[in-house]
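In what follows, a single structure is set out as structure tokens and then discussed.
The values are calculated or read from the model by the stated rules, or taken from the named source; none is laboratory data. Since this is a predicted model, take the numbers as computed values, not measurements. With ideal geometry, Cβ positions are generated from the backbone for all residues, glycine too; neighbour counts draw on all protein chains shown.
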Amino acid sequence: MDALEVEDLVMHYGPVRAVDGVTLRIRQGSVVALVGESGSGKSTVGRCIVRLVEPSGGTVHLAGVDITHLNRRQLRPHRRNVSIVFQDPAGSLDPRLSVGDIVGEPLRLMRRKDIPAKVNEALRRVGLRPEVAHRAPHELSGGQRQRVSIARALISEPHLLVADEPTSALDVSVQAAVLNLLADLQRDLGFACLFITHDLSAVEYLADEVAVMYLGQLVEQGPRARIFGKPAHPYTQALLSAAPVPDPAEQRARRPVLLGDDLPSAIDPPSGCRFHTRCPVAVDKCRTVVPERRTIGEGGHQVACHLVNDDGTGPDVRPTEGAAR
Amino acid sequence: MTPVLAVKDLSVTFRTEDGPLSAVDHVSFEVGDGEVLAVVGESGCGKSVTAMSIAGLLPRSATVDGSVELDGTELIGADKRTLRSIRGREVAYIFQEPMTSLNPVFTVGHQISEVLRTHIGLNRQDARTRAIELLKLVGISSAERRIGDYPHQLSGGMRQRVMIAMAVACDPKVLIADEPTTALDVTIQAGILDVLRGLRERLGTSIVLITHDLGVVADLADRVAVMYAGRVVETAEVHDLFANPQHPYTTGLLGASPAAGRHAESQRLNEIPGLVPVLTEQPDACTFADRCPRAVDTCTTSQPQLTPGPHRVACWNPVREPVEV
């Protein structure tokens, strides 16, 4: 049984087709990164999975249980199985509660006993001293607050952690600490994780598998080494080529694929393949026929692109490496 | 070669309710003709305050000492008229969030033309023609049509291109780019970095690039100044800095971001424990000492000065061996 099974998930906000048919599985204990530009719908997928919103279509199974349309009451026993950590810890911690109350709240709702002891343990696990329990969130630094969010998320021992841009608001050195912590906790506790981010270096660091989202749909997914080593979809290739690497010699030898500034609207997405308006190699078929998702390699490497062959070969939109600029 | 911009012993102190706050302490650097100097550091290190003090953009609560010479003209203490003739014309700024820097009730054409009419006295028709040229220069397609657009009709990347067009309208000697791509997706960022590179190559504009992103530094900078707690702690040519970082803070920053191809199994990210200090006055000590893994006794009793030479470092116990990444 997988920790998470999302089947043909659809989330429309009025005319906005934020998520439009996403199918995704996360095995027990595995980390799947969901990447894409802002507006691609990746956070909405996360919000559907933890049922902050009720999906417009498709199904979400958490540890085998269909939670897609459960009401608040019916959801309650399943809440402990999934937690979420948000980007901005200042906005997701109640400023009127102490850190101890914040971290212990999930257990209180489950009517558990020995809450203070468990809170201490949870704080220790994320590298905070027990005294922090008596502080208010505003007394902590950004990195410490994010540790508090993680402690709260993990105190109910969920099968699945949804981490929505958990490091994006933090400074580089603090990011490093939070990434290390997530890697340690995931290894020790063995929860499955949906890691939503736009930071590709963090993806390579944490994820076992990568799913690439564009305008509400997945365009490619597969094992980390395959996606970074042999990206098949032109959008994945462009995305990876655009992220600068912190090495001047290497970075200057690279040539990013420039896609243009216009992400099409999710109210009226392009016909056929949604990426065709920015794709450097699009052909007529791409403008009219929606590409099916196909398996193109081991480890469940899948792609939705007409131009990629069944053996994973296909167009490479990345310019050949030139002389240093 | 005489530098276009020479900053010498620049110090900035803010008056606050809790007493004086030292934001920048005796910062010196030079920017040559057509050179890109990156100023890097984490939030609160004083990099934006340094940038804003150059053309007198700081609020009245700031006391600025030292010297900023632009092509031989002293800007610190200069009268309003001098500053007004220099701002926008000799020194131009672009900021992180283009939406808040553009006026929502005027078309982008109007806003670019305004710069040209105010500073170089072009008439309406010439200003419009020049505005279209500028939009083309920064890579906006169908500029003739876009010139009639309001800011909200443009994507984030295009707004930033408009900001750059306005900034370079009067062919400034120095462009100060304060986190110009931080709010943008990587695919959009790649395009903006390309525009900045083009400006330097085609117009010979000198650029002061303020950023926390070492990938962006590796992409664009010729030289780098690393700031910590209001001081420049290391400055060197870009390849030299990445290959032979000498200040423990620099090595810490470089080790904090995940290297390409590394997973948590094989690399532990470098954490810098503690926080950037908030200083009421600069102590006679190294401000990084209490977070530094290499600190020795001298570090807490005496302030290190930048060494002379092309690769300058302010540290009592610098890293001499090449670091392994």
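Looking only at residues in segment A:1-44 that are of a type in the set (D, E, K, R) and assigned to a loop (DSSP other than H, G, I, E, B), which one is farthest from the chain's Cα centre (by Cα)? Among residues in segment A:1-44 that are of a type in the set (D, E, K, R) and assigned to a loop (DSSP other than H, G, I, E, B), the one farthest from the chain's Cα centre (by Cα) is A:D2. Would it be correct to say that A:Q144 is buried (at least 24 other Cβ atoms within 10 Å of the Cβ) and either modelled with pLDDT under 95 or outside any strand (DSSP E or B) (or both)? For A:Q144, the condition - buried (at least 24 other Cβ atoms within 10 Å of the Cβ) and either modelled with pLDDT under 95 or outside any strand (DSSP E or B) (or both) - is not met.
Of all residues in segment A:2-20, those satisfying the criterion of being aliphatic (A, V, I, L, M) and either crowded, with 22+ Cβ neighbours inside 10 Å or free of Cβ contacts under 8 Å to residues at least 40 places away in the same chain (or both) are A:A3, A:L4, A:V6, A:L9, A:M11, A:A18, A:V19. Scanning segment B:27-66 for residues that are among the polar types (S, T, N, Q), outside any strand (DSSP E or B) and either within 25 Å of A:P248 (Cβ to Cβ) or without any contact (Cβ under 8 Å) to a residue 24 or more places away in the chain (or both) gives B:S43, B:S48, B:T50. Restricted to segment B:245-261, and to residues that are under 25 Å from A:E204 (Cα atoms), assigned to a loop (DSSP other than H, G, I, E, B) and not small (G, A, S), which residue is nearest to the other protein chains (Cβ to nearest Cβ)? So, considering only residues that are under 25 Å from A:E204 (Cα atoms), assigned to a loop (DSSP other than H, G, I, E, B) and not small (G, A, S), the one nearest to the other protein chains (Cβ to nearest Cβ) is B:P258. For segment A:241-268, taking the residues that are part of a loop (DSSP other than H, G, I, E, B), more than 7 Å from chain B (Cβ to nearest Cβ) and surrounded by fewer than 18 Cβ atoms within 10 Å (Cβ to Cβ), the one that is modelled with the lowest pLDDT is identified as A:G260. In segment A:215-230, the residues that are part of a loop (DSSP other than H, G, I, E, B) reach residues that are surrounded by 18 or more Cβ atoms within 10 Å (Cβ to Cβ) and among the hydrophobic types (A, V, I, L, M, F, W, C) with C-beta atoms within less than 7 angstrom, at least six apart or across chains, in these pairs: A:L215/A:A266; A:G216/A:A18; A:G216/A:V19; A:G216/A:A266. Out of B:E271, B:E265, one residue alone is buried (at least 19 other Cβ atoms within 10 Å of the Cβ), over 22 Å from the mean Cα position of the chain (by Cα) and more than 30 Å from B:V31 (Cα to Cα). It is B:E271.
Among the residues of this structure, B:E74 counts as one that is among the charged types (D, E, K, R) and without any contact (Cβ under 8 Å) to a residue 40 or more places away in the chain. On inspection, A:V281 passes the criterion of being out of contact with any Cys (no Cβ under 6 Å at 6 or more places or on another chain) and either surrounded by fewer than 21 Cβ atoms within 10 Å (Cβ to Cβ) or within 13 Å of another protein chain (Cβ to nearest Cβ) (or both). Before we move on, is A:L206 at the interface with chain B (Cβ under 8 Å from one of its Cβ atoms), touching a strand residue (DSSP E or B) at 6+ places or on another chain (Cβ under 7 Å) and crowded, with 22+ Cβ neighbours inside 10 Å? Yes.
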